[in-house]
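The values are calculated or read from the model by the stated rules, or taken from the named source; none is laboratory data. As the structure is a prediction and not an experimental result, all values here were calculated from the model. Don't worry about glycine lacking a Cβ; one is built from the backbone with ideal geometry, like all the others, and counts go over all protein chains shown. Side chains included, ligands, DNA and RNA excluded: accessible areas come from the protein's heavy atoms. Shrake-Rupley method; radii C 1.70, N 1.55, O 1.52, S 1.80 Å.
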Amino acid sequence: MPARMYFLGALLAFLVPAVAGAWPVDLVLPLEAGKDRFQKLAALEWVEVEDPSVASAEALPGSNELLLTGHKEGRTLLLLYAEGRFAVWRLTVGSPPSEDVAPRMASARKVCPDLKATQGAEKLLAATVKDAACRAALLEVLRSDAYVARELELTFDVPALQDQLTSMSAALKPLGLEARYSGAGLVMSGEASREDWHKALWELFRRSVGRVPLEDRVEVKAPEPPAAAPDAGPALEAEPPVPVEIIRPAPKKPPRKKG
(Lines give C-alpha, C1' and ligand atoms only; values in the text may rest on other atoms or scores of the structure.)
Protein backbone atom coordinates (compact mmCIF):
# COMPACT_ATOMS: atom_id res chain seq x y z
CA MET A 1 0.00 0.00 0.00
CA PRO A 2 1.45 3.40 -0.87
CA ALA A 3 2.75 5.50 2.00
CA ARG A 4 0.56 8.59 1.71
CA MET A 5 2.22 11.84 2.72
CA TYR A 6 0.42 15.07 1.95
CA PHE A 7 2.49 18.20 2.28
CA LEU A 8 0.56 21.45 2.52
CA GLY A 9 3.39 23.00 4.52
CA ALA A 10 3.46 26.13 6.64
CA LEU A 11 6.18 28.69 7.18
CA LEU A 12 8.73 28.24 9.93
CA ALA A 13 7.39 31.45 11.43
CA PHE A 14 4.56 29.32 12.84
CA LEU A 15 6.85 26.39 13.68
CA VAL A 16 4.61 23.51 12.72
CA PRO A 17 5.62 20.57 14.98
CA ALA A 18 7.54 17.56 13.69
CA VAL A 19 8.33 18.67 10.16
CA ALA A 20 11.62 18.88 8.33
CA GLY A 21 12.67 20.98 5.40
CA ALA A 22 13.05 19.54 1.91
CA TRP A 23 12.74 20.82 -1.61
CA PRO A 24 11.08 23.15 -2.30
CA VAL A 25 11.90 25.93 0.15
CA ASP A 26 9.38 27.10 2.74
CA LEU A 27 9.58 30.74 1.78
CA VAL A 28 11.12 33.02 -0.84
CA LEU A 29 12.19 36.27 0.83
CA PRO A 30 13.37 39.30 -1.18
CA LEU A 31 16.18 41.52 0.15
CA GLU A 32 17.92 44.67 -1.02
CA ALA A 33 21.69 44.93 -1.26
CA GLY A 34 23.15 46.96 1.58
CA LYS A 35 19.93 47.01 3.60
CA ASP A 36 18.77 45.14 6.70
CA ARG A 37 15.48 43.35 7.23
CA PHE A 38 14.15 42.08 10.55
CA GLN A 39 11.96 38.97 10.73
CA LYS A 40 10.14 37.95 13.91
CA LEU A 41 9.71 34.21 14.55
CA ALA A 42 7.89 32.18 17.18
CA ALA A 43 11.16 30.47 18.15
CA LEU A 44 14.69 30.44 16.81
CA GLU A 45 17.93 28.80 17.97
CA TRP A 46 20.37 29.19 15.10
CA VAL A 47 20.60 29.96 11.40
CA GLU A 48 23.09 29.24 8.65
CA VAL A 49 23.42 30.82 5.20
CA GLU A 50 24.64 28.73 2.28
CA ASP A 51 26.44 31.62 0.53
CA PRO A 52 27.28 34.47 2.96
CA SER A 53 28.62 36.60 0.11
CA VAL A 54 25.05 37.05 -1.19
CA ALA A 55 23.32 37.62 2.16
CA SER A 56 23.96 37.19 5.87
CA ALA A 57 21.66 36.26 8.74
CA GLU A 58 21.97 36.68 12.50
CA ALA A 59 19.72 35.27 15.21
CA LEU A 60 19.37 38.07 17.77
CA PRO A 61 19.78 36.58 21.29
CA GLY A 62 16.70 36.46 23.50
CA SER A 63 14.33 37.98 20.95
CA ASN A 64 13.47 35.22 18.43
CA GLU A 65 14.22 37.89 15.85
CA LEU A 66 16.24 37.40 12.71
CA LEU A 67 18.42 40.09 11.16
CA LEU A 68 18.89 39.62 7.41
CA THR A 69 21.28 41.70 5.30
CA GLY A 70 21.60 41.64 1.52
CA HIS A 71 25.13 42.00 0.11
CA LYS A 72 25.04 41.44 -3.64
CA GLU A 73 22.56 40.39 -6.30
CA GLY A 74 21.87 36.68 -6.35
CA ARG A 75 20.12 33.79 -4.62
CA THR A 76 21.12 31.79 -1.59
CA LEU A 77 19.54 29.44 0.95
CA LEU A 78 18.99 30.01 4.67
CA LEU A 79 18.61 27.10 7.10
CA LEU A 80 16.71 27.89 10.32
CA TYR A 81 16.54 25.60 13.38
CA ALA A 82 14.36 25.70 16.49
CA GLU A 83 13.00 23.15 18.96
CA GLY A 84 14.13 20.11 16.98
CA ARG A 85 12.68 21.36 13.69
CA PHE A 86 14.18 23.10 10.72
CA ALA A 87 13.17 24.78 7.51
CA VAL A 88 14.90 26.42 4.57
CA TRP A 89 14.19 29.79 2.98
CA ARG A 90 15.37 31.19 -0.31
CA LEU A 91 16.89 34.67 -0.01
CA THR A 92 16.92 36.69 -3.22
CA VAL A 93 18.93 39.90 -3.32
CA GLY A 94 18.08 42.42 -6.04
CA SER A 95 16.61 41.00 -9.25
CA PRO A 96 18.62 37.92 -10.26
CA PRO A 97 17.67 36.34 -13.63
CA SER A 98 14.52 34.24 -13.45
CA GLU A 99 14.71 30.48 -13.95
CA ASP A 100 12.97 28.74 -16.85
CA VAL A 101 11.31 25.77 -15.18
CA ALA A 102 9.32 24.65 -18.27
CA PRO A 103 11.92 22.11 -19.54
CA ARG A 104 12.20 20.56 -16.09
CA MET A 105 8.44 20.35 -15.77
CA ALA A 106 8.16 18.67 -19.17
CA SER A 107 10.70 16.05 -18.10
CA ALA A 108 8.84 15.45 -14.84
CA ARG A 109 5.52 14.89 -16.63
CA LYS A 110 7.09 12.05 -18.63
CA VAL A 111 8.02 10.03 -15.53
CA CYS A 112 5.27 11.24 -13.16
CA PRO A 113 2.15 10.56 -15.30
CA ASP A 114 -0.43 12.01 -12.88
CA LEU A 115 1.53 15.23 -12.18
CA LYS A 116 -0.72 18.29 -12.01
CA ALA A 117 0.70 21.80 -11.78
CA THR A 118 -1.33 25.00 -11.53
CA GLN A 119 -0.26 28.63 -11.24
CA GLY A 120 -1.94 31.84 -10.11
CA ALA A 121 -3.99 32.23 -6.94
CA GLU A 122 -4.57 28.46 -6.66
CA LYS A 123 -0.95 27.46 -7.22
CA LEU A 124 -0.46 23.76 -6.51
CA LEU A 125 1.75 20.88 -7.60
CA ALA A 126 0.29 17.41 -7.02
CA ALA A 127 1.80 14.06 -8.01
CA THR A 128 2.29 10.44 -7.04
CA VAL A 129 6.00 9.81 -6.56
CA LYS A 130 6.14 6.21 -7.73
CA ASP A 131 9.84 5.53 -8.26
CA ALA A 132 13.39 6.91 -8.39
CA ALA A 133 12.95 8.45 -11.84
CA CYS A 134 9.92 10.49 -10.77
CA ARG A 135 11.63 11.56 -7.54
CA ALA A 136 14.73 12.74 -9.41
CA ALA A 137 12.67 14.70 -11.94
CA LEU A 138 10.64 16.40 -9.21
CA LEU A 139 13.83 17.36 -7.36
CA GLU A 140 14.89 19.35 -10.43
CA VAL A 141 11.53 21.14 -10.61
CA LEU A 142 11.37 21.92 -6.89
CA ARG A 143 14.91 23.33 -6.73
CA SER A 144 13.53 26.34 -8.59
CA ASP A 145 11.38 29.14 -7.18
CA ALA A 146 8.28 27.84 -8.99
CA TYR A 147 6.69 26.45 -5.80
CA VAL A 148 7.12 26.63 -2.04
CA ALA A 149 6.44 23.82 0.43
CA ARG A 150 2.86 24.76 1.27
CA GLU A 151 1.91 24.47 -2.43
CA LEU A 152 2.65 20.72 -2.68
CA GLU A 153 0.43 17.66 -2.41
CA LEU A 154 2.51 14.52 -2.89
CA THR A 155 1.83 10.83 -2.46
CA PHE A 156 4.83 8.48 -2.14
CA ASP A 157 4.97 4.83 -3.17
CA VAL A 158 7.36 2.57 -1.27
CA PRO A 159 10.04 2.32 -4.04
CA ALA A 160 10.39 6.11 -4.10
CA LEU A 161 10.74 6.25 -0.32
CA GLN A 162 13.38 3.52 -0.42
CA ASP A 163 15.33 5.42 -3.08
CA GLN A 164 15.16 8.61 -1.02
CA LEU A 165 16.32 6.82 2.12
CA THR A 166 19.25 5.24 0.24
CA SER A 167 20.33 8.67 -0.98
CA MET A 168 20.10 10.21 2.48
CA SER A 169 21.90 7.32 4.17
CA ALA A 170 24.81 7.60 1.72
CA ALA A 171 25.25 11.27 2.67
CA LEU A 172 24.89 10.76 6.43
CA LYS A 173 27.19 7.75 6.83
CA PRO A 174 30.47 9.73 6.40
CA LEU A 175 29.21 12.08 9.12
CA GLY A 176 28.73 9.21 11.57
CA LEU A 177 24.93 9.41 11.39
CA GLU A 178 22.15 7.22 10.09
CA ALA A 179 18.54 7.62 8.97
CA ARG A 180 15.59 5.25 8.95
CA TYR A 181 11.87 5.50 8.43
CA SER A 182 9.50 4.93 11.31
CA GLY A 183 6.08 4.83 9.69
CA ALA A 184 5.94 7.86 7.43
CA GLY A 185 8.48 9.74 9.54
CA LEU A 186 12.26 9.89 9.37
CA VAL A 187 14.50 9.22 12.38
CA MET A 188 18.04 10.60 12.27
CA SER A 189 20.41 9.35 14.97
CA GLY A 190 24.06 9.06 15.94
CA GLU A 191 26.73 11.28 17.42
CA ALA A 192 28.32 14.14 15.51
CA SER A 193 30.11 17.42 15.93
CA ARG A 194 28.03 20.57 15.59
CA GLU A 195 29.52 21.17 12.15
CA ASP A 196 28.61 17.67 10.91
CA TRP A 197 25.13 17.95 12.43
CA HIS A 198 24.55 21.11 10.39
CA LYS A 199 25.85 19.33 7.28
CA ALA A 200 23.42 16.48 7.90
CA LEU A 201 20.42 18.80 8.02
CA TRP A 202 21.50 20.39 4.74
CA GLU A 203 21.80 16.92 3.18
CA LEU A 204 18.30 15.93 4.33
CA PHE A 205 16.95 19.04 2.66
CA ARG A 206 18.86 18.65 -0.60
CA ARG A 207 18.00 14.97 -1.07
CA SER A 208 14.31 15.00 -0.12
CA VAL A 209 11.21 15.75 -2.16
CA GLY A 210 8.47 17.47 -0.20
CA ARG A 211 8.41 17.61 3.57
CA VAL A 212 9.06 14.67 5.88
CA PRO A 213 8.31 14.39 9.61
CA LEU A 214 11.70 14.29 11.33
CA GLU A 215 12.67 12.91 14.72
CA ASP A 216 16.09 14.38 15.38
CA ARG A 217 17.96 12.10 17.80
CA VAL A 218 21.46 13.33 16.99
CA GLU A 219 23.75 13.76 19.99
CA VAL A 220 25.91 16.80 19.37
CA LYS A 221 29.43 16.39 20.71
CA ALA A 222 30.83 19.09 22.94
CA PRO A 223 33.69 20.97 21.26
CA GLU A 224 37.11 19.66 22.19
CA PRO A 225 39.14 21.90 24.52
CA PRO A 226 42.06 23.70 22.90
CA ALA A 227 45.32 21.76 22.92
CA ALA A 228 47.63 22.56 25.82
CA ALA A 229 50.92 24.28 25.12
CA PRO A 230 53.89 21.86 24.87
CA ASP A 231 55.67 21.18 28.17
CA ALA A 232 58.95 23.08 28.32
CA GLY A 233 60.23 20.99 31.24
CA PRO A 234 60.65 21.93 34.91
CA ALA A 235 61.09 25.56 35.76
CA LEU A 236 64.68 26.65 36.26
CA GLU A 237 65.59 28.05 39.64
CA ALA A 238 67.70 31.21 39.68
CA GLU A 239 71.24 30.64 40.92
CA PRO A 240 72.21 32.70 43.97
CA PRO A 241 74.60 35.55 43.16
CA VAL A 242 78.32 34.72 43.48
CA PRO A 243 80.16 37.22 45.73
CA VAL A 244 83.02 38.92 43.94
CA GLU A 245 85.93 40.34 45.93
CA ILE A 246 87.21 43.57 44.47
CA ILE A 247 90.96 44.08 45.04
CA ARG A 248 91.93 47.70 44.95
CA PRO A 249 95.41 48.61 43.64
CA ALA A 250 97.98 49.79 46.22
CA PRO A 251 98.39 53.58 46.39
CA LYS A 252 101.36 54.95 44.49
CA LYS A 253 104.26 56.34 46.55
CA PRO A 254 105.32 59.93 45.77
CA PRO A 255 108.65 60.19 43.91
CA ARG A 256 111.73 60.78 46.08
CA LYS A 257 113.55 64.12 45.80
CA LYS A 258 117.20 64.09 44.73
CA GLY A 259 119.65 65.91 47.18
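List of remarks:
- From the list LYS110, LYS130, LYS116, the one residue that fits, being of a type outside the set (S, T, N, Q) and surrounded by 14 or more Cβ atoms within 10 Å (Cβ to Cβ), is LYS130.
- Criterion: part of a helix (DSSP H, G or I), within 23 Å of the chain's Cα centre (by Cα) and not polar (S, T, N, Q) - qualifying residue of ALA108, ALA171: ALA171
- Count of segment 125-147 residues, restricted to those that are in contact (Cβ under 8 Å) with a residue 60 or more places away in the chain and basic (Lys, Arg), is 2.
- Within segment 79-97, at least one residue is without any contact (Cβ under 8 Å) to a residue 12 or more places away in the chain and not in a strand (DSSP E or B).
The rows are residues; the columns are (1) of a type in the set (Val, Ile, Thr); (2) closer than 13 Å to ARG135 by Cβ; (3) in contact with a strand residue (DSSP E or B) (Cβ under 8 Å, 6 or more places away or on another chain).
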| position | (1), (2), (3) |
| --- | --- |
| GLN162 | no, yes, no |
| SER182 | no, no, yes |
| ASP196 | no, no, yes |
| GLU203 | no, no, no |
| VAL209 | yes, yes, yes |
| GLU215 | no, no, yes |
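- Number of positions in segment 198-222 that are touching a residue at least 24 places away in the same chain (Cβ under 8 Å), outside any helix (DSSP H, G or I) and not charged (D, E, K, R): 8
- Close Cβ contacts (under 9 Å, 6 or more residues apart or on different chains) running from residues in segment 165-184 that are free of Cβ contacts under 8 Å to residues at least 12 places away in the same chain to residues that are open to solvent by 50 Å² or more (accessible area, probe 1.4 Å) and assigned to a strand (DSSP E or B) comprise SER169/GLU178; SER169/ARG180.
- The requirement of being open to solvent by 60 Å² or more (accessible area, probe 1.4 Å), modelled with pLDDT under 95 and under 28 Å from MET168 (Cβ atoms) is satisfied by MET1.
- The set of residues in segment 177-201 that are open to solvent by less than 50 Å² (accessible area, probe 1.4 Å), touching an Asp or Glu at 6+ places or on another chain (Cβ under 8 Å) and not polar (S, T, N, Q) comprises LEU177, GLY185, LEU186, VAL187, MET188, GLY190, ALA192, HIS198.
- Test for GLU122: is it over 18 Å from the mean Cα position of the chain (by Cα), in contact (Cβ under 8 Å) with a residue 40 or more places away in the chain and surrounded by fewer than 18 Cβ atoms within 10 Å (Cβ to Cβ): no
- Filter result (touching an Asp or Glu at 6+ places or on another chain (Cβ under 8 Å) and either open to solvent by 50 Å² or more (accessible area, probe 1.4 Å) or under 23 Å from ALA132 (Cα atoms) (or both)) within segment 76-97: GLU83, SER95
- Of all residues making up segment 80-103, the number that are more than 30 Å from ALA33 (Cα to Cα) and under 27 Å from the mean Cα position of the chain (by Cα): 2
- When ALA59, ALA42, ALA18, ALA10 are checked against the criterion of being small (Gly, Ala, Ser), open to solvent by 20 Å² or more (accessible area, probe 1.4 Å), modelled with pLDDT of 90 or more and assigned to a loop (DSSP other than H, G, I, E, B), ALA42 stands alone in meeting it.
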